[in-house]
C-alpha cells in the first residue's frame, strides 16, 4: 500500500504526528535542522566550540551538556527563550497549507514535535484550551491546541497540538534529555497513577486523567507519522509509542493502526534495520515513498 492509499482508506479516522521534515522541504534555507539549532545555541552560550555533535552523544544529551557548560546564562530558561527567538521568524509554505487543508477536511488531529507556529499561521488558526481537569501550565501546555473553532471532542476534530512545547511558551520547549525525562514523568503520572482515573483502570475512556490532553489522541487514534526521523534520541515519543503498544496488548479491543512514512532506502544499514524492527514491534507499518515530493506535495493534491 502506498501513502496516498493509506490516506484514502483511513481519512475518516486518522491523526498525524509531524516533524521538522515538513519545514525543511523543499531545501528550505530558513528551516534549520535541530542539530544546527543546537550549534547556534552552543556558539552563543558556551565558550566551547563545536562543528558537529560528537559521536557517542545524542542530540538531547548535547543540549544538557550546553546547560552545564554555559557561563553566561542569567536565568534557567534563557537558552529556551533564545531557541524560541531563532524559530519565530519562519514562514509557512504552500505545502504546509495543502497538508493542513486535507487534515481539516478529514477532521484529523495534527500533533507536531516542532516548536514554531507555522501550522497555525498557515490556516490562521486560533488558540483554544480544553475544558480541563488539569490546570494549564506554560511548562507543559498539553491542554492547548490551535483550530478554526473550539471543539467539544478534540479527539475527533481537526486541531494542531504541540508534543514538545511551542515558541509561545519558551519554558515548554523540550530540547534536552532532562526535559524529555520530565515529560515522561508527567505522562506516566497521567497514564498510570490516580485512584480510578488512570488509563488502565477507567471504564469510560473519555474520563481518564489525560483525556483532555494530546496524549488521548496518541492512545486512541490511528497514527500516521511523517517528517520525523524517530531516532533513538526521541526518547519521549518512542516511550509513548511503546506505552501505546503495551496498552493495546492488555486491551486488544482498543488497538489502532499506525503508519510510518519515509522515502525508500535502497541500501538500509544496521541502524535503519533496527528502526524497522522497532516500528514493527510497536505495531506500525513502514510505508516507503519514491521521494519527498510524494510525502509533502502529491499526497495532498
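How many residues does the range 7-19 contain that are assigned to a helix (DSSP H, G or I) and within 24 Å of residue 162 (Cα to Cα)?
The qualifying residues number 2.
Is there any pair with a first residue in the range 36-50 that is without any contact (Cβ under 8 Å) to a residue 40 or more places away in the chain and at negative phi and a second that is exposed (fewer than 15 other Cβ atoms within 10 Å of the Cβ) and assigned to a helix (DSSP H, G or I) whose Cβ atoms are under 6 Å apart and which are 6 or more apart or on different chains, and what are they?
Close Cβ pairs satisfying both conditions: 46/69; 48/69.
Quick check on the range 143-167: of everything there that is touching a strand residue (DSSP E or B) at 6+ places or on another chain (Cβ under 8 Å) and part of a loop (DSSP other than H, G, I, E, B), which residue is surrounded by the most Cβ atoms within 10 Å (Cβ to Cβ)?
Ranking the candidates gives 158 first.
Assess whether residue 229 counts as being at pLDDT 95 or above, surrounded by 14 or more Cβ atoms within 10 Å (Cβ to Cβ) and within 20 Å of the chain's Cα centre (by Cα).
No; evaluated as a whole, the condition is false for this residue.
Of the conditions (1) under 25 Å from residue 107 (Cβ atoms); (2) crowded, with 20+ Cβ neighbours inside 10 Å, residue 257 satisfies every one except a single condition; which number is it?
Unmet condition: (2).
Just need a number here: residues in the range 264-284 that are surrounded by 14 or more Cβ atoms within 10 Å (Cβ to Cβ) and touching a helix residue (DSSP H, G or I) at 6+ places or on another chain (Cβ under 8 Å).
Residues flagged as surrounded by 14 or more Cβ atoms within 10 Å (Cβ to Cβ) and touching a helix residue (DSSP H, G or I) at 6+ places or on another chain (Cβ under 8 Å) within the range 264-284 amount to 4.
Within the range 96-108, does at least one residue satisfy the condition of being at pLDDT 90 or above, out of contact with any strand residue (DSSP E or B) (no Cβ under 6 Å at 6 or more places or on another chain) and on the phi > 0 side of the Ramachandran plot?
The answer is yes, given that some residue of the range 96-108 is at pLDDT 90 or above, out of contact with any strand residue (DSSP E or B) (no Cβ under 6 Å at 6 or more places or on another chain) and on the phi > 0 side of the Ramachandran plot.
Failed condition for residue 194, given (1) at pLDDT below 95; (2) crowded, with 23+ Cβ neighbours inside 10 Å, with all others met?
Every listed condition holds for residue 194 apart from (2).
Looking at this structure, is residue 122 surrounded by fewer than 22 Cβ atoms within 10 Å (Cβ to Cβ), touching a strand residue (DSSP E or B) at 6+ places or on another chain (Cβ under 9 Å) and without any contact (Cβ under 8 Å) to a residue 40 or more places away in the chain?
no
If I go through the range 119-139 residue by residue, how many of them are outside any strand (DSSP E or B), at pLDDT 95 or above and on the phi < 0 side of the Ramachandran plot? Spell out how you get there, then give the answer.
First pass over the range 119-139, keeping only residues outside any strand (DSSP E or B): 119-125, 130-139.
From the residues that got through so far, the ones that are at pLDDT 95 or above too are 119-125.
Next, only the ones that are on the phi < 0 side of the Ramachandran plot stay: 119-123, 125.
Final tally of qualifying residues: 6.
Against the definition (part of a helix (DSSP H, G or I) and either under 18 Å from the mean Cα position of the chain (by Cα) or more than 23 Å from residue 35 (Cβ to Cβ) (or both)), how does residue 101 come out, yes or no?
For residue 101, the condition - part of a helix (DSSP H, G or I) and either under 18 Å from the mean Cα position of the chain (by Cα) or more than 23 Å from residue 35 (Cβ to Cβ) (or both) - is met.
Tell me which residues, restricted to the range 8-32, are at pLDDT 85 or above and surrounded by fewer than 19 Cβ atoms within 10 Å (Cβ to Cβ).
Result: 8, 9, 10, 11, 12, 13, 24, 25, 26.
The values are calculated or read from the model by the stated rules, or taken from the named source; none is laboratory data. For clarity, every value in this text was computed on a predicted model and none was experimentally measured. Here the Cβ is made from the backbone with ideal geometry for all residues, glycine too, and neighbour counts use every protein chain on show.
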